[in-house]
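The values are calculated or read from the model by the stated rules, or taken from the named source; none is laboratory data. Since the structure is predicted, the reported quantities are computational estimates derived from the model, not experimental observations. Here Cβ is always computed from backbone atoms with ideal geometry, including for glycine, and neighbour counts include all displayed protein chains. These accessible areas exclude ligands, DNA and RNA; they are computed on the full protein's heavy atoms, side chains included. Shrake-Rupley method; radii C 1.70, N 1.55, O 1.52, S 1.80 Å.
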Amino acid sequence: MYCTRKIYDDIIWVGADNRRLALFEAVYSVPRGISYNSYLILDEKTALIDTVDRAVTDQFLENVEHTLGGRGLDYLVVQHMEPDHSATLVDVLIRHPECTVVCNKKIFDMITAFKNVTVNAEIVKDGDILELGRHRLTFISAPMVHWPEVMVSFDLTSGTLFSADAFGTFGALNGALFADEVDFDRDYLDEARRYYCNIVGKYGVQVRNLLAKTSALDIKTVCPLHGFVWRENIGYYVNKYMHWSGYEPEERGVVIAYASVYGNTENAANVLACRLREAGMKCVMHDVSVSEHSVIIADAFKYSHLVFASLTYNGGVFVNMENLLHDLVAHNLRGRTVALVESGSWALSAAKGMKEILAPLKDTTFIDEQFSFKSGLHGEECEALDTLTDVIIKSI
Ligand code: FEO
């Protein structure tokens, strides 16, 4: 049966949830599922904004046909060609050969490249207006939020921003379409941050460009391609985007990420965490062999200070730590204070290796007081660990 919700009487959500996806983009776990959003505008002309992932094809097509109620589809606005939003594009066009695709030139080229079809298209540029009757859509390019072809659409009539990947979140909607129908800050913010940092975290400059381009618009509703529609308190979410896109920590506090095979490096991480907590500092811990790296990266965006503790392994950094650090560098994190802890039983070299991997991070302060210890942590090393703790506390 169709499963749709109204945003306005004539703008309808026709997307679907997927709670069986093992890995989003083949890398990120989504234990709480994911929504693929698509929106249908019913006016003198009908316009569908994006399609959905292959996994939810049947529900989506039923939603579209029910909402059209026997009408034709005049326009399919394609904002983003990543297949989680375009896999079912041809399915729609086969059912609606009367439909004109509305997209920019890069999207048009990607449709041909992905689908090996040439569609009937109206190519739009920034500021062009698509007249639907009462509703009037204009378009704004948003390159690298998250792919180079991305554009967003703004309905000048209702003040609705169709924001593509921007303002999305991991997590199925579970019947609640609007962010104000859930306790977003308590239940969804961590997943929203994890989505942002891992999907578009690398492209903070480009996200800021989009925020600047849309800042002059009278936005009343934000409709992203994943997650909730925002109709209240939009400034709250924009403020989060300002932090994340500027790589500004949301909180002063320490993320301790450690790699430990037999528990000795973990012991040092625990001692450090206890001393930070005793001093009243916020502190979160991750075993890099247990926590998914997307979660650690999200916390690294959230907090101001990062401690990486690794045993020496194969003459360098333990493999899971090495992968995490490369991932952090790939996401362009900057502006953090970093401390290093290393262990090893003969030739200690993990700290040198970690620093080399992290060297490309911009605006990063490395704390000089690196802590090194051999094999197990004993009383005589405590002074050096205390020194590192004191320096971290002072810098917070
Ligand atoms: Fe959800 Fe970049 O696609």
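For Thr57 and Lys105, the FRET efficiency from 1/(1 + (r/R0)^6), where r spans their Cβ atoms and R0 equals 30 Å, is about 0.65.
Across the range 182-291, how many lysine pairs, 8 or more positions apart or on different chains, have C-alpha atoms separated by under 20 Å? Please give the number.
Close lysine pairs under the 20 Å cut-off: 5.
Describe numerically, in nm with one decimal, the distance between label points set 7 Å from Cα along Cα→Cβ at Lys220 and at Met144. Going from the Lys220 label point to the Met144 one covers 3.5 nm.
Between the beta carbons of Thr365 and Asp287, assuming R0 = 30 Å, the FRET efficiency works out to 0.75 to the nearest 0.05. The residues Glu149, Glu122, sorted by heavy-atom accessible surface at 1.4 Å with ligands and nucleic acids left out, run Glu122, Glu149 from largest to smallest.
Quick one: grab the alpha carbon gyration tensor of the chain, order the square roots of its eigenvalues as a ≥ b ≥ c, and give me rounded if a/c is under 1.5, else prolate or oblate depending on whether a/b is larger than b/c.
The shape class here is prolate.
For the range 324-340, list residues with backbone N below 18 Å from a point placed 7 Å from the Cα of His243 toward its Cβ? Once the point is set 7 Å along Cα→Cβ of His243, 333-337 turn out to lie under 18 Å by backbone N, inside the range 324-340. In the range 293-348, one over the average inverse separation of all distinct C-alpha pairs is 12.1 Å, which is the Kirkwood hydrodynamic radius. The slack in the chain from Asn116 to Ile234, taken as 0.36 nm per residue of separation less the alpha-carbon distance, amounts to 38.6 nm.
Sparse packing (at most 13 other Cβ atoms within 10 Å of the Cβ) combined with a DSSP loop state is found for the following trypsin sites (Lys or Arg not before Pro) in the range 3-32: Arg19, Arg20.
Basic side chains Lys and Arg get +1 at the Cβ, acidic Asp and Glu get -1 at the Cβ, and with that the dipole of the chain about its Cα centre reaches some 400 debye.
Here the calculated FRET efficiency for Asn323 and Arg71, from their Cβ-Cβ distance with R0 = 45 Å, stands at 0.30, rounded to the nearest 0.05. Averaged per residue, the chain has 41 square angstrom of accessible surface, using a 1.4 angstrom probe with ligands and nucleic acids left out. When the chain is treated as a GNM with alpha-carbon contacts under 10 Å, the residue of Arg193, Arg134, Arg336 showing the greatest mean-square fluctuation is Arg134.
Under the rule a/c < 1.5 gives rounded, and otherwise a/b versus b/c splits prolate from oblate, where does the range 1-142 land using the Cα gyration tensor? Verdict is oblate for the range 1-142. When a/c is below 1.5 the answer is rounded, else prolate if a/b is larger than b/c, else oblate, so apply that to the range 239-343 with a ≥ b ≥ c taken from the square roots of the Cα gyration tensor eigenvalues. Cα axes put the range 239-343 in the oblate bin. Each peptide among 24-30, 211-217, 349-355 gets the average number of other Cβ atoms lying within 10 Å of its residues, and from highest to lowest they stand as 349-355, 24-30, 211-217.
Measure nothing fancy, just the Cα-based angle from helix 293-302's long axis to the longest principal axis of the chain, in degrees from 0 to 90, nearest 10. Approximately 90 degrees, to the nearest 10. Remark: relative contact order (the chain) = 11 percent; criterion is Cα-Cα distance under 8 angstrom and separation of 6 or more residues. Separation of the alpha carbons by more than 24 angstrom is noted, of Lys6/Lys45; Lys105/Lys362; Lys125/Lys302, for Lys105/Lys362; Lys125/Lys302.
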